[in-house]
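Take a look at the structure below.
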Amino acid sequence: MDNTSSPPLNWEVSANYSAGSPHCKPEVLGTFIPIFLTLVFSVGFILNSISLWIFWFYIKRWSAGMILQFNLALADAIITPAAPFMIVYFSVSHWPFGQFLCQLKVFLLSTNMYGSIYFLTLIGIHRYLAVVHCTKKTILKEEKFVKIVCAGVWIILFAQGFPFFFVLKTTDLNNSTHCLSIHQDEQAVLYFVWNTVILFTGYIIPFFASIIFYGLLASFIVKLKTNQLKSKSMKMKSMKMILVSLAIFIICFLPVHVSRTFGITLKLFDPDQCELLNLFELVYYKCLALSSANCCLDPLLYFYASKKFKESLRSVVSSLRCWNNK
């Protein structure tokens, strides 16, 4: 049987493609993505600055849940230095800042996204234990242990992102420089391997863990009798937390992982499908912009999850109103 007609898998990239595929040219992304990113990063910066300010200066005694929420706010804030570079890159479809800043941008982007996912998952597990097993003493309710867990998460995040400083390269394509682009042929195998690993460890496992624990929590609170005001308040607060958390997982993080996986897989195994590649690239960048909206949604969790945060926020708003009325 003649196998010459079957194209070989693109496991090794030909030297002729070292500067990018001659067949597939990146398309201009337009103005929607940079405008959307500017809006999201501006709102997210304001909300997370307020959240960190409240955590640090207004709340004196932190519970285990509060520690997890503070670390989630830090994970959201870490993308701030990379935001201007991303907006410029998507505006001009060119990376003029050099290789190191490209690596730093991807490192911050990875730390932000997966830090948010990991801490959201831990918040869900902690919430389940705090509500369903409120009378039992569990290790995840202890502040000292939670601090150790958070430190471990940050070590994992840095271990995930640090290799980018050694393996990620910029590529010149059609008189412009690209940073983490699907058209960088010499990075195709690297992107595929990295995406496969991080898809399972960074999204699928945490997502299903969140679904399981939030499902158990929802099942428990639905059965609660709400004849007492305290019980009714706790039920509503927990349901809002569940809805916000799952919305972040599904709306912000699911599309970017699906589009990236399809695009990287297509690039590796069938790189000549230019029209389809460009479609996935455009969809991926839009989904990447959408994923950044989580930094605007996470503060809702602090508001619903913590009575202290809610009271402190109202105190800040009240102080601002009094100051404006002077």
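Values for this structure:
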read-out	value
Proximal lysines relative to Lys237, as straight alpha-carbon distance under 20 Å, when same-chain residues fewer than 8 apart are discounted	Lys141, Lys223, Lys225, Lys307, Lys308, Lys310
Quarter of Cα convex hull surface for segment 26-314, i.e. mean projection, nm²	15.7 nm²
Cβ-based net charge around Ala289, under 15 Å, with every Lys or Arg adding one and every Asp or Glu removing one	+2
Rounded tilt (10° steps) of 254-269 against the dominant C-alpha axis of the chain	20 degrees
Which of Ile221, Ala247, Met113, positive extreme of dipole for the chain (C-beta unit charges)	Ile221
Estimated D of segment 22-83 in µm² per second, where Rh is the Kirkwood radius over Cα pairs and Stokes-Einstein applies at 37 °C, 0.692 mPa s	235 µm²/s
³J(HN,Hα) computed for each position of segment 88-93 - Karplus, 6.51 cos²θ - 1.76 cosθ + 1.60, integer Hz, glycine/proline x	5, 4, 6, 6, 10, 6
Inter-site label distance for Phe158 and Leu190 at 7 Å from Cα along Cβ, in nm	2.2 nm
Value at 222 nm in deg cm²/dmol, rounded to 500, when DSSP H runs of n ≥ 4 in the chain each add -39,500 (n - 2.57)	-22000 deg cm²/dmol
Within segment 57-85: backbone nitrogen closer than 18 Å to the Ile139 label point (7 Å, Cα to C-beta)	64-65, 68
Label-zone membership for segment 126-157, site Phe200, 7 angstrom Cα→C-beta point, backbone N under 15 Å	none
Karplus-derived HN-Hα couplings along segment 235-244 (A = 6.51, B = -1.76, C = 1.60, θ = phi - 60°), whole Hz, x at Gly and Pro	5, 5, 5, 5, 5, 5, 4, 4, 5, 5
Residues Tyr302, Tyr285 arranged by fewest to most Cβ contacts within 10 Å	Tyr285, Tyr302
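Laboratory data are not the source of any read-out in this text; all were calculated from the coordinates shown. On a predicted model such as this, the values are computed, not experimentally measured, just so you know. Glycine gets a Cβ as well: all are built from the backbone with ideal geometry, and neighbour counts include every protein chain shown.
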